[in-house]
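Okay, so here's the structure we're looking at.
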Amino acid sequence: MKTTVYIATSVDGFIARNNGGIDWLPSGGDNDGGEDYGYQEFIDSVDALVMGRNTYELALSFDSWPYGEKPVFVLSSRKIDIPDEIAKTVEYMCAPPSEVVYRLSERGFQHLYIDGGKTIQGFLSEGLIQQLIITKVPILIGSGIPLFGSLPHDVRLHHLETRQFENGLVQSKYKVIEDAA
C-alpha cells in the first residue's frame, strides 16, 4: 500500500490558521492562470483519500464537493454527518492508522492520499507515509495549525524533485526512507 501526502503550507510551516481558515492559500483558479500545481495528475493516481474530521468539515464548506466520485474515508473518534449527495463515496472510520491501512488494503486500495494535520502526523508517527508532496506558499501567517508535530523518531527523507511556479509557490517531493531496523 502506497500512502502519499499532498499539501500546502505557509513558509513558516502552517497548513491553516488557528481557526482552521485557509484564506491565505492561492485559489488555483483564474487568478493563478488556471494552474493546479500538479493536483489533477496526483489525484488521478490515488484510489482513495483518508482525512481527519476537521479536513472533511472544511471540504464540506466548499461550493462543491472537491473529490468527485473518489472514495473518501474520514477518521474521527465520533460519528460524522454525511450528506446524502456524497454518502455513496464517503465513509466514517474510527481506527488507528495501521488498521486503516490494513482494512483499505484488504478492500483492494493501493494508493491512499492522506490529508489533514493530525491524520498526517498519526500516519507519519506509525511509519505509514511513503511520499510527501509539500507546496510552500510564499506567505508567513505567524501562527496556526502546523503540518508536523512531535515524532517518536526521526523520519529521514530523500528529495526527489522541486518545482517552482510563476506565482512563487515552490513544490518539493520527498520519498520517506524506511528504516532498516
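Summary table below
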item	result
Rg/Rh (Cα only; Kirkwood hydrodynamic radius) as it applies to the range 72-181	1.00
More than 26 Å apart - percent of Cα-Cα pairs taken over the range 1-145	22
Rg/Rh (Cα only; Kirkwood hydrodynamic radius) as it applies to the range 121-165	0.99
Entries in LYS136/LYS173; LYS2/LYS173; LYS70/LYS173; LYS2/LYS70; LYS70/LYS136; LYS2/LYS175 that, when Cα-Cα distance is taken, lie over 19 Å	LYS70/LYS173; LYS70/LYS136
Compactness of the range 76-136 as Cα Rg over 2.2 N^0.38 Å, two decimals	1.23
Carbon plus sulfur fraction of accessible area for the range 30-181, probe 1.4 Å, in percent	47
Per residue accessible area in Å² of the chain, where ligands, DNA and RNA are left out and the probe is 1.4 Å	56
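The values are calculated or read from the model by the stated rules, or taken from the named source; none is laboratory data. Note that the structure is predicted; figures quoted are calculated from it, not measured. Surface areas here come from the heavy atoms of the whole protein model, side chains and all, with no ligands, DNA or RNA. Shrake-Rupley method; radii C 1.70, N 1.55, O 1.52, S 1.80 Å.
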